[in-house]
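The structure appears below as structure tokens.
The numbers here are math on the coordinates, done by the rules we state, and not lab data. Keep in mind that this is a model prediction, so the values were computed, not measured. Methodologically, a virtual Cβ is constructed for each residue, glycine included, from the backbone with ideal geometry; neighbour enumeration extends over all protein chains shown.
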Ligand code: ADP
Ligand code: MG
């Protein structure tokens, strides 16, 4: 009976996800269909339509590629990677985005951070997702702290912001597909990040105070 319950729970999770994906993809598809019809009627309008059509296609492509991460079975982790250069690279990429939002990224890494066996591009994606969220949580600017340290056999990487914080009610929904509070958010970043870190045998935890800021902490096994 227990097995049956688990299976039906799983099915309902899959059903909810499928409904979410269908819903999120239907909107840009409906818009694309409208533009194709417009183009057939008024072929001379094409220049301005194409920009909008391409951005709708980009959105569909993005949603699908995020979901493909979930479809992948356990990743094969075979490369030892140093975390420091990896973090530095991501902070550099995020910096342009941060400066535009009046946000300063401050880093503090322990010396001699060890290497981690990982899928480099996936970890980069996680770091970038968390950094972007931190910046986006501070519409009036502020500081984001990125720290990396070692605790025993664990690497601890944290991203702290001074942003809006997350309410108790919203905390429970983090990582659910399509949960977003942003007008143009997808609500896929955390879902994908949780999945990637779990595949690496790690965990992500969140501490947040409404109005004071949020810390996302990643713990990854070393070795
Ligand atoms: P998106 O960024 O597209 O909304 P995410 O999965 O990255 O999707 O995040 C989901 C939601 O979690 C965000 O819309 C926001 O409400 C909340 N959130 C995530 N990170 C933070 C943060 N650092 N500060 C405040 N809220 C956050
Ligand atoms: Mg995000």
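Set side by side, the residues 152, 202 differ, and just one is more than 12 Å from ligand 1 (Cβ to nearest atom) and either within 21 Å of residue 103 (Cβ to Cβ) or surrounded by 16 or more Cβ atoms within 10 Å (Cβ to Cβ) (or both), which is 202.
Just checking, does the stretch 79-90 include any residue being outside any helix (DSSP H, G or I), out of contact with any helix residue (DSSP H, G or I) (no Cβ under 7 Å at 6 or more places or on another chain) and farther than 30 Å from residue 17 by Cβ? The answer is yes; a qualifying residue exists. Scanning the stretch 132-157 for residues that are under 19 Å from residue 192 (Cβ atoms), outside any loop (DSSP other than H, G, I, E, B) and touching a strand residue (DSSP E or B) at 6+ places or on another chain (Cβ under 6 Å) turns up 134, 135, 157. Within the stretch 176-193, count every residue that is surrounded by fewer than 18 Cβ atoms within 10 Å (Cβ to Cβ) and either more than 14 Å from ligand 2 (Cβ to nearest atom) or within 10 Å of the chain's Cα centre (by Cα) (or both). Count: 1. Residue pairs whose Cβ atoms lie under 9 Å apart, separated by 6 or more positions or on different chains, with the first residue in the stretch 180-194 and touching a residue at least 40 places away in the same chain (Cβ under 8 Å) and the second assigned to a loop (DSSP other than H, G, I, E, B) and near ligand 2 (Cβ under 8 Å from one of its atoms), are 186/180; 188/180; 189/180.
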